[in-house]
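Each remark here refers to the structure printed beneath this line.
The values are calculated or read from the model by the stated rules, or taken from the named source; none is laboratory data. Source: prediction; values computed, not measured. Cβ placement follows ideal geometry from the backbone for every residue including glycine, while neighbour counts extend to all protein chains displayed.
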């Protein structure tokens, strides 16, 4: 599965389109990053950009966006309805696919350290990435805003940043970096310009004041529209759906003789949230998301269902295609591909151990080390999975050279050279796999020291699989070396093989 995250940086600029476009251009230049949405609000003087992609690419794009915002935004000249602490005010990372909230925590902390190194902007961590429990709530970190914290950060230890010196950047302030679940930014506009009414409604509906769970809210004055707004962050729309929030705002507004005149979503929203609202307001009976055409079509295109009457379980069904391919009476995939798969499985088990261990309070002191191990094991897994195909392709290349014409001495010589070159390639692939096994075994041994005790049996299985994969890879190296004529090359390759065997401890 492709690993995908979302990042939703909020920049303190919502009036100068050229500046916003420059920030977006800086982020969109990173390969593999997709800008999904951008919103500007002049009253708030704030823009919200939504980008998505693989974690490392999104992290780099976010860092470039922070850098460009630092160049273009001066908080000393900034005014707007929305609270802000920095030119890049908040930078949350959200898991989408193949990524956990713990992955986003590790990424947020890495990005936070890099922001300080590159831009000398102090960093606070919030939500799931918070290092201090009292900083999980963004509002507490941002209390007093840029102007208020500018002096306090120097003299009050409780206001000191998590990363960097106790001194705001002179123009870019500070930045709050975090990891969280999907958040819906949802605003309800009222039929009044009285912001005090909006503040009273916001207090009534937010969880911290005894209102709805998963709701954060505040009143905002929209001067350009001559309206007051209840600005809402909905942190778990499945537990507290949008329609329930809207209905409570409507009910509270009626107490003051006003009513909602419209609502807006800032950024993107999950389809399920809209489905839930439609179900509620239309009072649909027995409605399910499967009745939506696009959802049914997406499900049909996602994969082929198991054959009718099959009793095979989900995991067995995942493994069967490769086992069937190996079992076919064809030369490839063969032993080399199976050896690479064994090692990939070992690396996968290592990922499981690291991922589960870093969720445990008993291993909290090893969070960073476990996250680093997890990232390394993911890269190793990807490399080994690629080696499954590379091994098969390398041997197919050898078979192809056997079919070259050999009618005269010139053709025979060309064929001999081609066979030698292809066979070298067929030896190099499993040798690289064996050397990857060595690095993998060392990584698994390190993991034994920092992982949860309950995971040790899984690590034992992983190391046994790694040993089997390494032995299988080396056997494939040797069988190819036996047919090579270049004695010096064969000697060098056998020396590499002996080095791997010795370091793995089974010479």
Quiz item: Taking segment 402-437 as the region of interest, how many residues are more than 28 Å from the chain's Cα centre (by Cα), closer than 30 Å to residue 467 by Cα and either surrounded by 15 or more Cβ atoms within 10 Å (Cβ to Cβ) or at pLDDT below 90 (or both)?
Solution: 14
Quiz item: Which condition number in (1) farther than 30 Å from residue 318 by Cβ; (2) under 13 Å from the mean Cα position of the chain (by Cα); (3) assigned to a helix (DSSP H, G or I) is the one that residue 63 fails?
Solution: (2)
Quiz item: Can you find a residue in segment 154-161 that is surrounded by 22 or more Cβ atoms within 10 Å (Cβ to Cβ) and within 23 Å of residue 71 (Cα to Cα)?
Solution: yes
Quiz item: Quick check: is even one residue across segment 443-464 in a loop (DSSP other than H, G, I, E, B), under 24 Å from residue 374 (Cα atoms) and touching a helix residue (DSSP H, G or I) at 6+ places or on another chain (Cβ under 8 Å)?
Solution: yes
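Per-residue answers, yes or no, for (1) surrounded by fewer than 18 Cβ atoms within 10 Å (Cβ to Cβ); (2) part of a helix (DSSP H, G or I); (3) assigned by TED's automatic domain parsing to the domain that holds residue 443:
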{"site": "319", "(1), (2), (3)": "yes, yes, yes"}
{"site": "324", "(1), (2), (3)": "yes, yes, yes"}
{"site": "331", "(1), (2), (3)": "yes, no, yes"}
{"site": "338", "(1), (2), (3)": "no, yes, yes"}
{"site": "341", "(1), (2), (3)": "no, yes, yes"}
{"site": "344", "(1), (2), (3)": "no, yes, yes"}
{"site": "347", "(1), (2), (3)": "no, yes, yes"}
{"site": "353", "(1), (2), (3)": "no, yes, yes"}
{"site": "356", "(1), (2), (3)": "yes, yes, yes"}
Quiz item: Which condition breaks for residue 263 when tested against (1) over 26 Å from residue 14 (Cα atoms); (2) in contact (Cβ under 8 Å) with a residue 12 or more places away in the chain?
Solution: (1)
Quiz item: Which is more than 21 Å from residue 9 (Cβ to Cβ), in contact with a strand residue (DSSP E or B) (Cβ under 6 Å, 6 or more places away or on another chain) and crowded, with 24+ Cβ neighbours inside 10 Å, of 91, 107, 190?
Solution: 190
Quiz item: Looking only at residues in segment 43-60 that are touching a residue at least 40 places away in the same chain (Cβ under 8 Å) and within 18 Å of residue 218 (Cβ to Cβ), which one is nearest to the chain's Cα centre (by Cα)?
Solution: 48
Practice problem: Give 32, 86, 14 a once-over and let me know the one that is outside the structural domain of residue 224 (by TED's automatic domain parsing), more than 16 Å from residue 171 (Cα to Cα) and surrounded by 20 or more Cβ atoms within 10 Å (Cβ to Cβ). | Solution: 14
Quiz item: Name the pairs whose Cβ atoms lie under 8 Å apart, with the first residue in segment 92-113 and under 15 Å from residue 61 (Cα atoms), the second at pLDDT below 90 and in a loop (DSSP other than H, G, I, E, B), and 6 or more positions between them or separate chains?
Solution: 92/183; 94/181; 94/182; 94/183
Quiz item: Does segment 392-401 contain at least one residue that is exposed (fewer than 14 other Cβ atoms within 10 Å of the Cβ) and either over 25 Å from residue 499 (Cα atoms) or touching a residue at least 40 places away in the same chain (Cβ under 8 Å) (or both)?
Solution: yes
Quiz item: Residues in segment 463-478: is at least one within 39 Å of the chain's Cα centre (by Cα) and surrounded by fewer than 14 Cβ atoms within 10 Å (Cβ to Cβ)?
Solution: yes
Quiz item: If you go through segment 20-27 one residue at a time, do you hit one that is under 19 Å from the mean Cα position of the chain (by Cα) and either crowded, with 17+ Cβ neighbours inside 10 Å or modelled with pLDDT under 95 (or both)?
Solution: yes
Self-check item: Candidates 58, 48 - the one that is touching a strand residue (DSSP E or B) at 6+ places or on another chain (Cβ under 7 Å) and surrounded by 22 or more Cβ atoms within 10 Å (Cβ to Cβ)
Solution: 58
Self-check item: Which listed residue is under 30 Å from residue 226 (Cβ atoms) and either modelled with pLDDT of 95 or more or in contact with a helix residue (DSSP H, G or I) (Cβ under 8 Å, 6 or more places away or on another chain) (or both), from 149, 184
Solution: 184
Quiz item: Hey, residue 236 hits all of (1) over 13 Å from residue 192 (Cα atoms); (2) in contact with a strand residue (DSSP E or B) (Cβ under 7 Å, 6 or more places away or on another chain) but one; which does it fall short on?
Solution: (2)
Self-check item: Among (1) assigned to a loop (DSSP other than H, G, I, E, B); (2) within 25 Å of residue 139 (Cβ to Cβ); (3) touching a strand residue (DSSP E or B) at 6+ places or on another chain (Cβ under 6 Å), the one test that residue 99 misses
Solution: (2)
Quiz prompt | Selection from segment 110-129 of residues that are at negative phi and surrounded by 22 or more Cβ atoms within 10 Å (Cβ to Cβ) | solution = 111, 112, 115, 121, 122, 123, 124, 125, 126, 129
